[in-house]
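Working notes, beginning with the structure itself.
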Number of protein chains: 2
Amino acid sequence: MVNSENAKAQMRKGVLELCILSILSQGEAYPTEIIEKLKETKLVVVEGTLYPLLTRLKNTGLLSYRWEESTSGPPRKYYFLTEIGQTYLNELQVSWLELVNAVNTTVQNTK
Amino acid sequence: MVNSENAKAQMRKGVLELCILSILSQGEAYPTEIIEKLKETKLVVVEGTLYPLLTRLKNTGLLSYRWEESTSGPPRKYYFLTEIGQTYLNELQVSWLELVNAVNTTVQNTK
DNA sequence: TTTAGTACCTTGCACAACATAGTACTATAA
DNA sequence: TTATAGTACTATGTTGTGCAAGGTACTAAA
């Protein structure tokens, strides 16, 4: 059986970083909030993916976070973009547009 | 040092399958030819990536190939889309457009 | 004090891309 | 005829990412 689900998952990979940085450039957010925002645009991500990714982005200096108490559960980690993160995001956005152009050129020749 | 090269490479992953199937839907081609065509649109792929991918696509029934003698070296494997491959390509193209929309929505809210 | 809800974290696996090295065929030059 | 260069296909081991699954810890309500 040929199923494109796996290929779709593959395509999602690699743009997650871009999307998460984009979301955080609108203002700080904690992981559960980020997952919700991604869902709105049909990009489904699970915790097991997001937490390690956020840690990675923090360790490379693109993100930082602060703790904030919550009245409805454990404290939350609010992540936000660093200055380096903002610069990096701009680069990624350019790369994304270039990729879209490259792929669209290839695909459109098809028709 | 923060470098977006790795992230760019990650974004390329996942769209390769789409691009290769798209190229082959224009007519059969052998691996070296495919690499050339991808280079034209700035999607650089190396042999170590392409050959296993073509084998995978062949094994799942999306591609087929025929041997053809060459006057300038060893025989070439000319790959072409099967009927299943054509159907699958159509699905992938839809998925690609959906992904582009999702990411663009997220990115554009940034500005 | 038990249960439900929220939030964060860790481990192990699967898969794709890539670097690297190797085999094999042809044509040309020594 | 042998050696060399060019072309083409193949195999192996590593790495990075996403994800499934399971776990810890805090709060509030029953």
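Kindly establish whether B:LEU50 is in contact with a helix residue (DSSP H, G or I) (Cβ under 6 Å, 6 or more places away or on another chain), away from every other protein chain (no Cβ under 14 Å) and under 30 Å from A:SER95 (Cα atoms). Yes: the conditions hold for B:LEU50. The condition of being more than 15 Å from DNA strand D (Cβ to nearest atom), at pLDDT 90 or above and within 12 Å of chain B (Cβ to nearest Cβ) holds for only one of A:VAL45, A:VAL103, A:VAL2, A:VAL15, that being A:VAL103.
Scan region A:78-98 for residues that are within 15 Å of DNA strand C (Cβ to nearest atom) and crowded, with 16+ Cβ neighbours inside 10 Å and jot them down. Break it down into steps so the answer makes sense when it comes.
Here is the first cut: in region A:78-98, the residues within 15 Å of DNA strand C (Cβ to nearest atom) are A:78-80, A:95, A:98.
Of everything in region A:78-98, those that are within 15 Å of DNA strand C (Cβ to nearest atom) and crowded, with 16+ Cβ neighbours inside 10 Å turn out to be A:TYR78, A:TYR79, A:SER95.
Going through region B:56-66 one residue at a time, which ones are open to solvent by 60 Å² or more (accessible area, probe 1.4 Å) and either away from every other protein chain (no Cβ under 14 Å) or of a type in the set (A, V, I, L, M) (or both)?
Just the residues of region B:56-66 that are open to solvent by 60 Å² or more (accessible area, probe 1.4 Å), to begin with: B:56, B:58-60, B:65-66.
The answer is B:TYR65, B:ARG66.
Those residues that are near DNA strand C (Cβ under 6 Å from one of its atoms) and in contact (Cβ under 8 Å) with a residue 40 or more places away in the chain, I need them from region B:44-77; list them, please. Passing the criteria: none in range. Taken over region A:1-31, the criterion of being under 30 Å from B:LEU57 (Cα atoms) and part of a helix (DSSP H, G or I) is satisfied by A:GLU5, A:ASN6, A:ALA7, A:LYS8, A:ALA9, A:GLN10, A:MET11, A:ARG12, A:LEU16, A:GLU17, A:LEU18, A:CYS19.
The values are calculated or read from the model by the stated rules, or taken from the named source; none is laboratory data. Everything quoted here is computed from the prediction, not taken from an experiment. Cβ coordinates were reconstructed from backbone atoms using ideal geometry, including for glycine residues, and neighbour counts include every protein chain displayed. Heavy atoms of the whole protein, side chains included, go into the accessibility calculation; ligands, DNA and RNA do not. Shrake-Rupley method; radii C 1.70, N 1.55, O 1.52, S 1.80 Å.
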